[in-house]
Amino acid sequence: MADTKHFNDSFERISEEKRNRILSTAISEFANRGFTSANTNTIAQKAGISVGSLYKYFETKEDFFLTVVDHGITQLEKTLESVLSMDLDLFGKIEKIIRIIQTHSRINQDIIRLYNEMTTESNYELITRLSGELESLSAKCYIEMINLAKKEGTIRSDVDSNLSAFLLDNIFMTLQFSYSTVYYKERMKIYLGEDVFDKDEDVVAGVMRVIRRALGG
């Protein structure tokens with residue numbers, strides 16, 4: 001994630017328990033209602049703080065939303081980044097990430113739905129800020145991962161690293177949504193059958209076959 005802060009220093013000075021309570025409440029509200037419809041009064045009430053306190057921590061609703069998204073997605077990214085440091089080849093790392101996505105997306109549905117909601121927002125300026133901050137690190141990691149695999153001879157040397165990283169990230173993102181949001185769940189069933197969510201191993205094996213063939217592994 002980017003190092004940009006969207007909150008005031010006062011938010012860092014409150015207890016970790018209070019910060020997590022505010023962020024968890026906000027994740028649920030923004031995930032269920034979207035940025036535009038989410039009510040900061042409701043979030044404050046459910047989190048057990050005053051609206052005045054909330055705006056001492058965040059200058060604007062946009063800054064609050066950006067902090068919430070940052071917190072939610074960072075939790076997933078930390079998990080995925082741990083895989084990138086493992087002593088595995090490219091395909092071993094990709095398979096690990098897919099398995100983590102299957103597990104994490106089911107457990108943390110609000111975070112993934114928040115990410116999905118974020119991508120459909122109509123606020124152009126907000127989305128521009130989010131995409132730049134959220135995607136830069138992932139893009140860099142995946143491009144480096146593919147370049148290393150090319151040097152090691154794991155995949156073809158003529159593979160376009162940037163395009164492959166982009167497509168790989170889209171596979172990951174779609175899988176995240178498919179294991180956590182109603183629309184994408186139903187969409188996955190149409191393509192792969194009503195019982196697809198009972199066949200995690202088949203999904204992993206099938207996705208890995210496609211990726212191996214695409215990259216020449």
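Taking the chain as a Gaussian network, Cα atoms linked when under 10 Å apart, which of Ser178, Ser15, Ser138 shows the biggest mean-square fluctuation?
Most flexible of the set in this elastic network: Ser15.
With labels modelled as points extended 7 Å from the Cα through the Cβ direction, what inter-label distance (nm, one decimal) is found for Ser157 paired with Ile100?
If labels sit at Ser157 and Ile100, their model points lie 3.1 nm apart.
May I ask for the equivalent-ellipsoid semi-axes of the chain, computed as the square root of five times each C-alpha gyration tensor eigenvalue and listed largest first in whole Å? Please list the in-between numbers first.
Working: eigenvalues 236, 81, 42 Å².
Semi-axes, largest first: 34, 20, 15 Å.
Residue farthest toward the positive end of the dipole of the chain, with Cβ of Lys/Arg at +1 and Asp/Glu at -1: which of Gly92, Leu168, Gln45?
Result: Gln45, furthest along the dipole toward the positive end.
Any read-out appearing in this document is the output of simple, stated calculations on the displayed coordinates, not a laboratory observation. No experiment lies behind these values; they were computed from the predicted model shown. Every residue, glycine as well, gets a Cβ built from its backbone with ideal geometry; the counts of neighbours run over all protein chains shown.
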